[in-house]
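Just below is one structure, and these are the notes that go with it.
Bear in mind these aren't lab numbers, they're just calculated from the coordinates by the rules spelled out. Values in this document were obtained by computation on a predicted structure and should not be read as measured data. All Cβ positions, even for glycine, are placed from backbone atoms using ideal geometry, and neighbour counts span all protein chains on display.
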Amino acid sequence: MHLLTYMLPLLAFLAGCGGGEQQPQSQETQAQTQEIRTIDIIGVDQMKYVVKEEGKLLGTAETIKTSGGDSYLLLQTIEATPGEKLRIRLTTVSDLPATAMGHNWVLLKLGIDPASFTKEAMKAKSNEYIPEGRTDDVIAHTGLAGGGETVEVTVTVPEKTGDYNYLCTFPGHFAAGMKGKLVVQ
Ligand SMILES: [Cu+2]
């Protein structure tokens, strides 16, 4: 039964496939239509990841007020399902120059200590604070976003359930609380 359910669309696809040339085109369309969930995150001068009010469902609680008077919700966890595609879009809200205040979003593999990772990252200024010797410990990361800039990365959520650490590797930001957990369940 299970196998048949799986096979039927495939058979229908094969039947509808006249020539060999059509196949790559069809695969491309399939990839394009695969659903991606976008999560809009804002990095503020308080060195926190925050979301707007409508991002409430992300497991937020605390309110963060910027010096400009804007109010956001602190983002601490992102819940996701194994294999899901997430687009993390990070915007930095700041009037400071990018050299003084920039943010990124770095997702670490399970079991990688974010505190030790951030110590290495601090020395990697020339590589946007991504330590080149530790790329094996990273699942995905964005570039650095200075004030007014937006960076993004699309990540396939790991199949293994667990709490994956993410953090900003701009010096001092992890220690100030710019971190969270991607909860895969
Ligand atoms: Cu930061």
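Numbers below:
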quantity: Likely footprinting exposure, D136, D163, fewest C-beta neighbours within 10 Å first; calculated: D136, D163
quantity: Ranked V183, V50, criterion: other C-beta atoms within 10 Å, fewest first; calculated: V183, V50
quantity: Per-residue ³J(HN,Hα) for the range 164-172, Karplus 6.51 cos²θ - 1.76 cosθ + 1.60, θ = phi - 60°, Hz, x for Gly and Pro; calculated: 9, 7, 10, 7, 9, 9, 4, x, x
quantity: FRET efficiency, I36 to E159 (Cβ-Cβ, R0 22 Å, nearest 0.05); calculated: 0.80
quantity: Potential extension, N127-A100 segment - 0.36 nm per residue separation minus Cα distance; calculated: 8.1 nm
quantity: Cα convex hull of the range 34-184, projected area averaged across orientations, nm²; calculated: 8.5
quantity: Radius, Kirkwood style, for the range 105-185 when every pair of distinct Cα atoms is counted (Å); calculated: 12.9
